[in-house]
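What follows draws every value from the coordinates through simple rules; no lab data is involved. Everything numeric here is computed off the predicted structure, so don't read it as measured data. Cβ sites come from the backbone with ideal geometry, for glycine too, and all protein chains shown count toward neighbours.
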Amino acid sequence: MVLENSYEPCDFVLFGTLGDLSRRKLLPSLYQLEKAELIHPDTTIVGVARHEMELEDYIAEVRANLVKFGDKELCEDTWERLKARLHYACVDMKDIGSYCVLEDHVDPARTMVCYLATPPSIYGDICRGLHGCKIIDSSVRVVLEKPIGHDLESSKVINEQVAEYFDEKQIYRIDHYLGKETVLNLVALRFANSIFATNWDHNCIDHVQISVAESVGIEGRWGYFDDAGQMRDMVQNHLLQILSLVAMEPPTTLDADSIRDEKLKVLKALRPINSSNISDSTVRGQYTAGFVKGEEVPGYLEEEGANTQSKTETFIAIKAEIDNWRWAGVPFYLRTGKRMPSKVSEVVIYFKRQPHNLFGDSFKNLPPNKLVIRLQPDEGVEITVMNKVPGLTSSGSMDLQKSKLNLSFSEAFADDRIPDAYEKLLLEVMLGNQALFVRRDEIEQAWTWVDSILEAWKSSNEPPEPYQAGTWGPVDSIGLLARANRSWYESKTVRKKK
Ligand SMILES: NC(=O)C1=CN([C@@H]2O[C@H](COP(=O)(O)OP(=O)(O)OC[C@H]3O[C@@H](n4cnc5c(N)ncnc54)[C@H](OP(=O)(O)O)[C@@H]3O)[C@@H](O)[C@H]2O)C=CC1
Ligand SMILES: O=C1O[C@H](COP(=O)(O)O)[C@@H](O)[C@H](O)[C@H]1O
């Protein structure tokens, strides 16, 4: 079995090579990896789609996409190297008989990486087709895009279909947030700094906020989004992955299963939200027409192709609780929505207040220290601390002021380009490292928690609360924290614009 982390040539087979994800993300990422000379010189790239096409037309198509979605000016050396790797195969992925053409493009002696950038409904067909033409063995890696299912039951069906032909060690489930540099930095920040490692629990932390706000709407994907909603689109995967990394115990090593074992324990410890606590723990909203960044935008029910009766949520706020020793009594507030004032993803750790005040009545409510981890944009880490204002006073008292220790990645690492998440993930697949991919039990545990919330919303039969596009969500989202005398962190991007 060739499964260990290794830099060796492979045949990278991209199913759905003419689709949106391939064009916008995967092909430009392969180009960037080529530019950085991170693809093995002997690796080939085989584009697979159902249209008959000459190789030279496929090459022209790839080039046009790179110019449209990647570097506007291609580096010709890089392009020549990438071009030389390209093959094209026409396969109707639902027709088992049509897969044999792949034999002409892949070398059975090498590792084959099958990236399924197709609707998940045909993952089973693709696995069966590959099996049918006898080109898969235990060295093949298969990469699955989200969403893996619509709920626990359907995710099990997809996972079973793939498991019929591939062992879990061969399956790479993508959550592109795990490829983001700043999400990876959560592990470095927590475990490479004793200042955080020793203060990371209910003794020191009051609560945690995880916000992933998007300024975009549903981008012409009504059919997909209305069926999914923000819960399935963002919380089941990205937000729960971030929460797991923030809350997990130190893994024994950085190997794939050590990290995934710890993330799974967090997911298992999430307190269920059901009809008994749904109204105290969640808020859901749906955007109405408004203005985002000065531009007028339609409401969700007025988007192209909309069903005007839809009750699908485009915003969610959740008070999540983790029932374990470390996090007893520390709520994790999650918030995510479309058509918010700006795109900003942040984790904010609110530390507990000092137990005693030395500084007199004017500083009765010393603000707590906050650690703000800016995931995107303006990636960085910021800590708020109280400082003495320099200078002399006639009363001899000490004046305090809140100040920030701010590490901005664009300044600190000015010479380093921040790679796109897909570049990192494609490289890891080629290296055979599963650490940044989601294991089946994690996905299923996340669905278990999410399904219970969706079920409770369904039985309540209440519509989502409207919020105007360009705002931070429904008023009740403020209430979710205000009940405990807390408030959402006001992100820097917004404050800057005031
Ligand atoms: N687009 C994005 O930004 C994101 C996408 N994803 C996921 O990635 C996957 C792909 O999404 P996306 O690229 O947007 O989808 P698209 O529909 O744009 O692309 C899917 C591709 O699969 C091809 N395909 C479908 N059925 C067959 C078949 N029977 N035989 C051969 N080819 C077939 C389509 O071919 P044809 O063109 O001929 O119809 C199409 O090119 C999905 O699982 C999606 O959920 C995840 C995150 C973000
Ligand atoms: O998976 C998805 O993620 C994007 C947000 O990703 P980001 O990297 O731009 O933060 C979201 O817009 C999309 O709806 C969802 O499917």
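Summary table
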{"item": "Pairs beyond 27 Å (Cα-Cα), from K343/K404; K68/K338; K134/K424; K68/K146; K293/K458", "result": "K134/K424; K293/K458"}
{"item": "Net charge, W488 excluded, C-beta distance under 11 Å - Lys, Arg +1, Asp, Glu -1", "result": "0"}
{"item": "Prolate/oblate/rounded call for the range 439-484, Cα gyration tensor, a/c under 1.5 rounded", "result": "prolate"}
{"item": "Cα-based helix-to-principal-axis angle, 76-85 vs the chain, degrees rounded to 10", "result": "60 degrees"}
{"item": "Gain in span if fully extended, A414 to D255, counting 0.36 nm per residue against the direct Cα distance", "result": "54.3 nm"}
{"item": "Stokes-Einstein translational diffusion, the range 65-121 - Kirkwood Rh over all Cα pairs, 0.692 mPa s, 37 °C, in µm²/s", "result": "230 µm²/s"}
{"item": "Centroid-to-centroid separation of the range 265-327 and the range 348-423 [C-alpha atoms, Å]", "result": "29 Å"}
{"item": "Calculated FRET efficiency for the pair E8/D399, C-beta based, R₀ 51 Å, to 0.05", "result": "0.25"}
{"item": "Segments 327-336, 300-309, 213-222 sorted - mean Cβ within 10 Å per residue, highest first", "result": "327-336, 213-222, 300-309"}
{"item": "Kirkwood-based Rg to Rh ratio, the chain, C-alpha trace", "result": "0.99"}
{"item": "Residue-by-residue Karplus 3J(HN,Hα) for the range 435-447, coefficients 6.51, -1.76, 1.60, Hz, glycine and proline x", "result": "4, 9, 10, 8, 7, 3, 5, 5, 4, 6, 5, 4, 4"}
{"item": "For the chain, share of DSSP beta bridges that run antiparallel, in % to the nearest 5", "result": "55 percent"}
{"item": "Under-5 Å amide H pairs with Y287, H placed in peptide plane, nonlocal only", "result": "Y300, T314, Y467"}
{"item": "Among the listed pairs K268/K319; K25/K319; K156/K180; K180/K352, those beyond 21 Å (Cα-Cα)", "result": "K25/K319; K156/K180; K180/K352"}
{"item": "Cα-based shape type of the range 146-228, given that a ≥ b ≥ c are square roots of the gyration tensor eigenvalues and the cut on a/c is 1.5", "result": "oblate"}
{"item": "Crossing angle, helix 421-431 versus the chain [Cα axis fit, 0-90 degrees, rounded to tens]", "result": "50 degrees"}
{"item": "20 Å tail of the calculated P(r), the range 10-145, as % of Cα pairs", "result": "42 percent"}
{"item": "C-alpha long axis of helix 152-163 to longest principal axis of the chain, angle in °", "result": "40 degrees"}
{"item": "Average Cα contact separation per residue, the chain, under 8 Å, 6 or more apart, as relative contact order %", "result": "18 percent"}
{"item": "Ranked by how many other beta carbons lie within 10 Å on average, peptides 310-322, 17-29, 414-426 from highest", "result": "310-322, 17-29, 414-426"}
{"item": "Cα-Cα separations in the range 277-420 greater than 20 Å, expressed as whole percent", "result": "69 percent"}
{"item": "Phi to ³J(HN,Hα) by Karplus 6.51 cos²θ - 1.76 cosθ + 1.60 over the range 273-278, Hz, x for Gly, Pro", "result": "10, 9, 4, 6, 10, 4"}
